[in-house]
């Protein structure tokens, strides 16, 4: 096994990743920081970088950060595992779930 | 990475700094009701300021969208008059729904929607997407929901309404204080129950203290949530109303002596549980998904029936009144009580589905099957309704479609019955809610939407016996004009320095270090636990007295322990302090009603008779000047004649807006 450094860290809040930024698209305009109804984000201390998700467990999953983003693909909503619904294709009976 | 320790706070910290403003009409809460109130008040010529905890572009329970403009009986296609509609809605709640706000809604919903259209909101099928659909009026291109014969509820493309309303506020010159949470109302000479002269707030990013002097104040904040259930880890996606909806206006109004009614009404409901699925994001057949086909695991269709029990053969029949019925209110078989009157009951799934499933006639799990529905129903449910409704465009439509869901091929699972519950996915007993959905208690107001406190108005969900996006818009618009007209006739009151200082001390208390500190979440869990144990499904005097005792104990001994490390946490701490106050209001109202009531989903073991004639009335509570609680009552229908009370005021509102001619260029 690799000997990676080990840190003492508190347990993260859950759900921990309501939003996933793509740093290749996000240019840190902070529109999402401005409009979030629950004040989940903080602007990054590094100009041009994606915001920090400081309060992930306060996310309402309303999606306005994605809806109002200036750059499509810069961020996406990421449903918690326990809320990923399932569906069935009628013709084949195949089952699917939200990925 | 999503968790960061000890990052420098990115905003300037200004604890203690006082930012002062002066206005005619101050609106606390900039959601749907608040921005409509601001636009109307400004058009009436008043100087207007909004104080909003989040950001007015998207804030509020309705800030993320709306898909159906309910009960717009004033629209040109409606076969139901506003008077009939209000009567039906009030009767269907056994009298416990406000005739005032309901009539304002029924008489001005379409008129308000036309204003929305003038601001750039899409309200009709101008792209002819639904040409030929039975719910479309070919002349107006309006689309209707639910009762296709009577056409009183309009389907709309409302996902972008809130940013448009905010833009209109800016154009009209409304002063907007975003990220500022209101904390207290200020009264003349600081006296309890006296005229309102302003309000205080705290900047949620800088922590600065905000004082606004105003001639009139409109409370437009949402209802208290997280009273019975709180789960910081599972809640967000599953609830209609976001974490910021905590009843700030209720608490602020209560503290200065405003009257509230129906506060004893709490309920078990589909959306209260933190264990539910994304709102509108699982298979069902009511509200936004009406009238979806439901099938079982073997693709066997679950029959729909009308209020007479007649089995309905087609999807179209689910949208028509039954024989002998002039019109129906929303159908689908919503499981939340009260059940409503048969004469207004809409089509629904067979009521004995659970029994028939247990006998083996149907096999769980069930699915919502849009694949077998006519194209226009599939398209209007998935894409317009689920797509424009609050919290559906991104969380449901975009996210599910990206994951491969195709409404033309796939059936979305319904989670009903899987946990031993009925079709309504009703939560566990302790998972009660104060008005997560439905008509709820709130501030008692008159036909000016003014409370017993001079100059204190209300709008939207905070009003007693009210609900819905259209209600927020129409009552906001009406209250804005009434408050502006009131403000014309009064001079500014003097702020009481001692009252301001007392509030500043209270609001900043969580910033002090405490050796046994707790955070806002622990306080919320604590309050919710008291409510689960002592003010839940069953109540009696002893239980309610214990609830009162423990909540007062928390107020006296634990609030001082609540600690906030930055302005965001301070906002949340203040929120939960208001949740505690709202819980106390619910307990007081529950103590005051000494009878059970099916109509209010209220059960007292010591007074088991439900809705006895002498208790068929509104129980009204407010705080007296000595910290005690005053209990009074009002008869059902106390608001009197609808038309003679509403029309002169409405005409005055419209005339004042036209006369003032406030330009969007100013």
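The values are calculated or read from the model by the stated rules, or taken from the named source; none is laboratory data. Note that the structure is a prediction, hence the values are computed from the model and not measured. Cβ coordinates were reconstructed from backbone atoms using ideal geometry, including for glycine residues, and neighbour counts include every protein chain displayed.
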Residues of the stretch B:184-211 classified as more than 14 Å from every other protein chain (Cβ to nearest Cβ) and on the phi > 0 side of the Ramachandran plot, total: 4
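Quickly run through the stretch A:44-67 and pick out the residues that are at the interface with another protein chain (Cβ under 8 Å from one of its Cβ atoms) and under 22 Å from residue B:403 (Cβ atoms).
Correct list: A:53, A:56, A:59, A:60, A:61, A:62, A:63, A:64, A:66, A:67.
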So which residues in the stretch A:16-25 are surrounded by fewer than 22 Cβ atoms within 10 Å (Cβ to Cβ), in a loop (DSSP other than H, G, I, E, B) and facing chain B (nearest Cβ under 10 Å)? A:16, A:17
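Condition check ((1) buried (at least 22 other Cβ atoms within 10 Å of the Cβ); (2) in contact with a strand residue (DSSP E or B) (Cβ under 6 Å, 6 or more places away or on another chain); (3) on the phi > 0 side of the Ramachandran plot; (4) within 14 Å of chain A (Cβ to nearest Cβ)) across all residues:
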site	(1), (2), (3), (4)
B:115	no, no, no, no
B:119	no, no, no, no
B:147	yes, no, no, no
B:152	yes, no, no, no
B:178	no, no, no, yes
B:214	yes, yes, no, no
Given the stretch B:354-407, what helices (runs of 4 or more DSSP H) lie entirely inside it while holding 1 or more residues that are at positive phi? B:385-388
Would you check if there is a residue in the stretch B:191-202 being surrounded by fewer than 24 Cβ atoms within 10 Å (Cβ to Cβ) and over 22 Å from residue B:484 (Cα atoms)? yes
Determine whether the stretch B:219-231 contains at least one residue that is within 14 Å of chain A (Cβ to nearest Cβ), within 17 Å of the chain's Cα centre (by Cα), at pLDDT below 95 and part of a helix (DSSP H, G or I). no
In the set A:28, A:73, A:93, which member is surrounded by 13 or more Cβ atoms within 10 Å (Cβ to Cβ), out of contact with any helix residue (DSSP H, G or I) (no Cβ under 6 Å at 6 or more places or on another chain), more than 8 Å from chain B (Cβ to nearest Cβ) and in a loop (DSSP other than H, G, I, E, B)? A:28
Using the structure shown, decide if residue A:34 is out of contact with any helix residue (DSSP H, G or I) (no Cβ under 9 Å at 6 or more places or on another chain), closer than 17 Å to residue B:63 by Cα and without any contact (Cβ under 8 Å) to a residue 60 or more places away in the chain. yes
Given the condition surrounded by fewer than 24 Cβ atoms within 10 Å (Cβ to Cβ), over 27 Å from residue B:600 (Cβ atoms) and touching a residue at least 40 places away in the same chain (Cβ under 8 Å), answer yes or no: does some residue in the stretch B:234-257 qualify? yes
Which one of these is surrounded by fewer than 17 Cβ atoms within 10 Å (Cβ to Cβ) and touching a residue at least 40 places away in the same chain (Cβ under 8 Å): B:658, B:643, B:588? B:643
Kindly indicate whether any position in the stretch A:76-83 is within 15 Å of the chain's Cα centre (by Cα), at the interface with chain B (Cβ under 7 Å from one of its Cβ atoms), buried (at least 18 other Cβ atoms within 10 Å of the Cβ) and part of a loop (DSSP other than H, G, I, E, B). yes
For the list (1) surrounded by fewer than 19 Cβ atoms within 10 Å (Cβ to Cβ); (2) over 23 Å from residue B:449 (Cα atoms), I need the number of the one condition that residue B:634 fails. (2)
All positions within the stretch B:43-59 that are facing another protein chain (nearest Cβ under 9 Å) and either closer than 18 Å to residue B:568 by Cβ or not in a loop (DSSP other than H, G, I, E, B) (or both): B:53, B:54, B:55, B:58, B:59
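Kindly check whether there is at least one residue in the stretch B:26-42 that is surrounded by fewer than 24 Cβ atoms within 10 Å (Cβ to Cβ) and outside any loop (DSSP other than H, G, I, E, B). Lay out the reasoning, then the answer.
Step one: of the stretch B:26-42, the residues surrounded by fewer than 24 Cβ atoms within 10 Å (Cβ to Cβ) are none.
No; the residues of the stretch B:26-42 include none that is surrounded by fewer than 24 Cβ atoms within 10 Å (Cβ to Cβ) and outside any loop (DSSP other than H, G, I, E, B).
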Scan of the stretch B:463-501 for residues that are part of a helix (DSSP H, G or I) and without any contact (Cβ under 8 Å) to a residue 60 or more places away in the chain, ordered by number: B:497, B:501
Collect the residues in the stretch B:391-411 that are facing chain A (nearest Cβ under 7 Å) and touching a helix residue (DSSP H, G or I) at 6+ places or on another chain (Cβ under 8 Å), keeping them in residue-number order. B:393, B:394, B:395
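Any idea how many residues of the stretch B:354-381 are over 14 Å from residue B:133 (Cβ atoms) and in contact (Cβ under 8 Å) with a residue 24 or more places away in the chain? Don't jump to the end; show me each part of the working.
Narrowing the stretch B:354-381 to residues over 14 Å from residue B:133 (Cβ atoms): B:354-372.
If we keep only those that are in contact (Cβ under 8 Å) with a residue 24 or more places away in the chain too, we end up with B:354, B:357, B:362-372.
Of the residues in the stretch B:354-381, 13 are over 14 Å from residue B:133 (Cβ atoms) and in contact (Cβ under 8 Å) with a residue 24 or more places away in the chain.
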